[in-house]
1. Quick check on this structure: which one of Ala246, Ala231 is closer than 20 Å to Tyr46 by Cα, part of a helix (DSSP H, G or I) and at pLDDT 95 or above?
2. Could you tell me which residue of segment 250-282 is surrounded by the most Cβ atoms within 10 Å (Cβ to Cβ), considering only residues that are in a loop (DSSP other than H, G, I, E, B) and among the hydrophobic types (A, V, I, L, M, F, W, C)?
3. Determine whether Val200 is of a type in the set (Val, Ile, Thr), more than 16 Å from Ala44 (Cβ to Cβ), part of a loop (DSSP other than H, G, I, E, B) and without any contact (Cβ under 8 Å) to a residue 12 or more places away in the chain.
4. So which residues in segment 150-162 are surrounded by fewer than 20 Cβ atoms within 10 Å (Cβ to Cβ) and part of a loop (DSSP other than H, G, I, E, B)?
5. When you look at Ala245, is it in contact (Cβ under 8 Å) with a residue 12 or more places away in the chain, more than 17 Å from the chain's Cα centre (by Cα) and either under 26 Å from Arg205 (Cβ atoms) or not assigned by TED's automatic domain parsing to the domain that holds Pro36 (or both), yes or no?
6. If I filter segment 125-141 for residues that are within 23 Å of Leu230 (Cβ to Cβ) and of a type in the set (D, E, K, R), do I get at least one hit?
7. Which fully enclosed helices (runs of 4 or more DSSP H) of segment 65-149 have 2 or more residues being of a type in the set (Gly, Ala, Ser)?
8. Step by step: first the residues of segment 154-174, then only those that are within 17 Å of Leu104 (Cβ to Cβ) and not acidic (Asp, Glu), then the one that is nearest to the chain's Cα centre (by Cα). Which residue is that?
Amino acid sequence: MTDTLDVSLDDAYRRCEEITRREARNFSYGIRLLRPPERAAMSALYAVARRIDDIGDGDAPAAEKLSALSAIRRDVLAVAADPAAAGADPVLVALADTCRRYGLPVSALDELIEGCEMDVNGVTYTTIDELVGYCLRVAGTVGRLSLAVYGAPDRARADPLADALGVALQLTNILRDIVEDRETMGRVYLPAEDLARFGVDPFVRGDDDALCALVSFEAARAVEWYDRGLALLPLLDRRSRACTAAMAGIYRRLLERIQRDPLSVTRGRLSLPAWEKAAVAARALTVGRA
């Protein structure tokens, strides 16, 4: 790797990989299965996505968050057009190089920021179709960016499947974090028509049977999205398939836990132990399935 005027690419990618190891509790198990160049590129993508998420989930007033998101949008567009615009920011330096080497769809990064802006603005969703639109912005985009890094040969077939898998992962996140999102962020993602159908008030702990039925209903929807999205795996090379299968496998196991005990989402944030995540990653590498 060569140097820019302000920071070397080696140092930039090293910084992104440090962020990924520290913060990506689930995704890092898949990313580490890639070849070194793709692993570095995915770490750069994760680092910029983490920066966007941290703005949206931070404690600043909404106006300041929106201003910061506008600034990062300008930064992303600038470095995609001219790597020198990254200056001494290691995350942007790595992103600029990843854009250059892999032809990232910059529009997907813009959509990712738009999804974060929806969170900051407190957007709620009446129907599942509206919620899916949000999921495509915050998760489907990551799938499409990943396909650029993977070098997937048939993007016309692969992109919609990556979108579907992103929806599955985000629905799992929403179910897992249902209490944290409500109590910490004041956010409710589940569609209003579903809340009304099952008689659940998202801000009042009421009938556990109703909540159990609602969570089970939404989990079944997520399973359908997994079934659709996992058709992506045969379109990928071995390492890319293993990375995707590991990420999806970890989240699908979380979903299976929720299905077995829907009220578990009210008792704290669910997670898999490290040994189980490692086992999922090993299976993904050896058999190429989630």
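The values are calculated or read from the model by the stated rules, or taken from the named source; none is laboratory data. Because the structure is a prediction, the values reported are computed rather than measured. In this analysis, Cβ positions are derived from the backbone assuming ideal geometry, glycine residues included, and neighbour counts consider all displayed protein chains.
1. Details: Ala231 fails: closer than 20 Å to Tyr46 by Cα.
That would be Ala246, the only listed residue that is closer than 20 Å to Tyr46 by Cα, part of a helix (DSSP H, G or I) and at pLDDT 95 or above.
2. Of segment 250-282, the ones in a loop (DSSP other than H, G, I, E, B) are 261, 267-273.
Restricting the remaining residues to those that are among the hydrophobic types (A, V, I, L, M, F, W, C) gives 270, 272.
On the way: Leu270: 17, Leu272: 19.
So, considering only residues that are in a loop (DSSP other than H, G, I, E, B) and among the hydrophobic types (A, V, I, L, M, F, W, C), the one surrounded by the most Cβ atoms within 10 Å (Cβ to Cβ) is Leu272.
3. Numbers: of a type in the set (Val, Ile, Thr): yes; more than 16 Å from Ala44 (Cβ to Cβ): yes; part of a loop (DSSP other than H, G, I, E, B): yes; without any contact (Cβ under 8 Å) to a residue 12 or more places away in the chain: no.
When the stated conditions are applied, Val200 does not pass them.
4. Gly151, Pro153, Asp154
5. Numbers: in contact (Cβ under 8 Å) with a residue 12 or more places away in the chain: yes; more than 17 Å from the chain's Cα centre (by Cα): no; either under 26 Å from Arg205 (Cβ atoms) or not assigned by TED's automatic domain parsing to the domain that holds Pro36 (or both): yes.
Against the criterion (in contact (Cβ under 8 Å) with a residue 12 or more places away in the chain, more than 17 Å from the chain's Cα centre (by Cα) and either under 26 Å from Arg205 (Cβ atoms) or not assigned by TED's automatic domain parsing to the domain that holds Pro36 (or both)), Ala245 does not qualify.
6. Here is the first cut: in segment 125-141, the ones within 23 Å of Leu230 (Cβ to Cβ) are 128-129, 131-141.
Filter again for of a type in the set (D, E, K, R), leaving 129, 137.
Yes, segment 125-141 contains a residue that is within 23 Å of Leu230 (Cβ to Cβ) and of a type in the set (D, E, K, R).
7. Details: elements: 90-102, 106-120, 128-135.
By residue number, 90-102, 106-120.
8. Filtering segment 154-174 for residues within 17 Å of Leu104 (Cβ to Cβ) gives 155, 158-159, 162-163, 166.
Next cut, not acidic (Asp, Glu) only: 155, 158, 162, 166.
Numbers: Arg155: 19, Ala158: 17, Ala162: 11, Gly166: 7 Å.
Among residues in segment 154-174 that are within 17 Å of Leu104 (Cβ to Cβ) and not acidic (Asp, Glu), the one nearest to the chain's Cα centre (by Cα) is Gly166.
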